[in-house]
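We did not get these values from a lab; they are worked out from the coordinates using the rules stated. What you see is a predicted model; the values in this text were computed from it and never measured.
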Amino acid sequence: MGIIATIIIGAIAGWLGSLVYKGTNLGILGNIIVGVVGSFVGNWIFNILGISLGTGWIGAILTGAIGAVVILFLINAFAKKKQ
């Protein structure tokens, strides 16, 4: 995938992840970062479990969104422990 497609998919996946995991407002740049990192995390988790959500944009967005929820959960878990 090209860099533009990665940014678009990351933004959508991060935004969907922030909708699912309430209470996180990272803005567009934060959504892109969380979505792109979430895509790597989602792919890693699904490869371990032997699950595929399909190919193409839809599969990449769903995988990234699920990975983004995991990332947001971890961010909030560690942020709350420090307070």
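Structure data summary
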item: On Cα atoms only, tilt of 3-20 relative to the major axis of the chain in degrees; result: 50 degrees
item: Segment residue 57-residue 20, extension gain: residue separation times 0.36 nm, minus the distance between their alpha carbons; result: 11.4 nm
item: Over the chain, relative contact order from alpha-carbon pairs under 8 Å, at least 6 apart, %; result: 37 percent
item: Phi-based couplings in Hz for segment 70-78 (Karplus 6.51, -1.76, 1.60; Gly and Pro marked x); result: 4, 4, 5, 4, 5, 4, 5, 5, 6
item: C-alpha long axis of helix 27-49 to longest principal axis of the chain, angle in °; result: 60 degrees
